[in-house]
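Okay, so here's the structure we're looking at.
The values are calculated or read from the model by the stated rules, or taken from the named source; none is laboratory data. Note that the coordinates shown come from a computational prediction; the quantities given were computed from them, not determined experimentally. When we count neighbours, we look across all protein chains shown, and the Cβ atoms used for this are built from the backbone with ideal geometry, even at glycine. Each accessible area value is taken on the protein alone, full model and side chains, heavy atoms only, with ligands, DNA and RNA left out. Shrake-Rupley method; radii C 1.70, N 1.55, O 1.52, S 1.80 Å.
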Amino acid sequence: MLDKDTFKTVVKSTPLISIDLVVRSKNGTVLLGKRTNRPAKGFWFVPGGRILKGEKLTDAFRRLSLAELGVEISIDQAEYLGLYEHFYDDSALCEFTSTHYVVAAFVINLNNDLIELPQDQHSEYKWLSEKELLGDEQVHDHSKWYFMNEKGYLA
């Protein structure tokens, strides 16, 4: 892990690579968490996170599913949705430093209920239908894009 000053320089200088998880329940609803950190603080957002330097995509997927969902899931159990770009006016470190993410989005179809969801990145969770989340102003646009085909790249 980088120290705060080095990471701030990285955020100012280059895009960050991340994974977002579009988690669907047995009845088709989608899991959203209310973000506690910048960027997108206070918005409902799909779970996800950054890929670390030297971390294989498969390892990052397992780590992020465990950290964000409380259960380790293999990338082989997910469906690749596409590549997206997210731009923010703020960052995790500073409200005045913009962030650029390149995001690989994946769909996870759950067969079982998630028992206990982690509270590190989200203060609460809810399950919404696609129609509900697309109509909810508190759901961040970047999460809505996963249900709007024209917003993805290399899908």
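Taking the stretch 15-29 as the range and being out of contact with any helix residue (DSSP H, G or I) (no Cβ under 6 Å at 6 or more places or on another chain) and surrounded by 14 or more Cβ atoms within 10 Å (Cβ to Cβ) as the test, the residues that pass are P15, L16, I17, S18, D20, L21, V23, R24, S25, T29.
May I ask you to verify whether G33 is under 23 Å from S74 (Cβ atoms), touching a Pro at 6+ places or on another chain (Cβ under 8 Å) and open to solvent by less than 60 Å² (accessible area, probe 1.4 Å)? The answer is yes for G33.
Number of residues in the stretch 72-89 that are open to solvent by less than 70 Å² (accessible area, probe 1.4 Å) and within 16 Å of S13 (Cβ to Cβ) equals 1. Collect the residues in the stretch 91-119 that are polar (S, T, N, Q) and at pLDDT below 80, keeping them in residue-number order. Correct list: S91, N112, Q119. Within the stretch 31-80, the set of residues being among the basic types (K, R) and within 11 Å of the chain's Cα centre (by Cα) comprises R35, R50.
Identify the residue in the stretch 53-86 that is assigned to a strand (DSSP E or B) and of a type in the set (A, V, I, L, M, F, W, C) and, among all such residues, is modelled with the highest pLDDT. Here the answer is A78.
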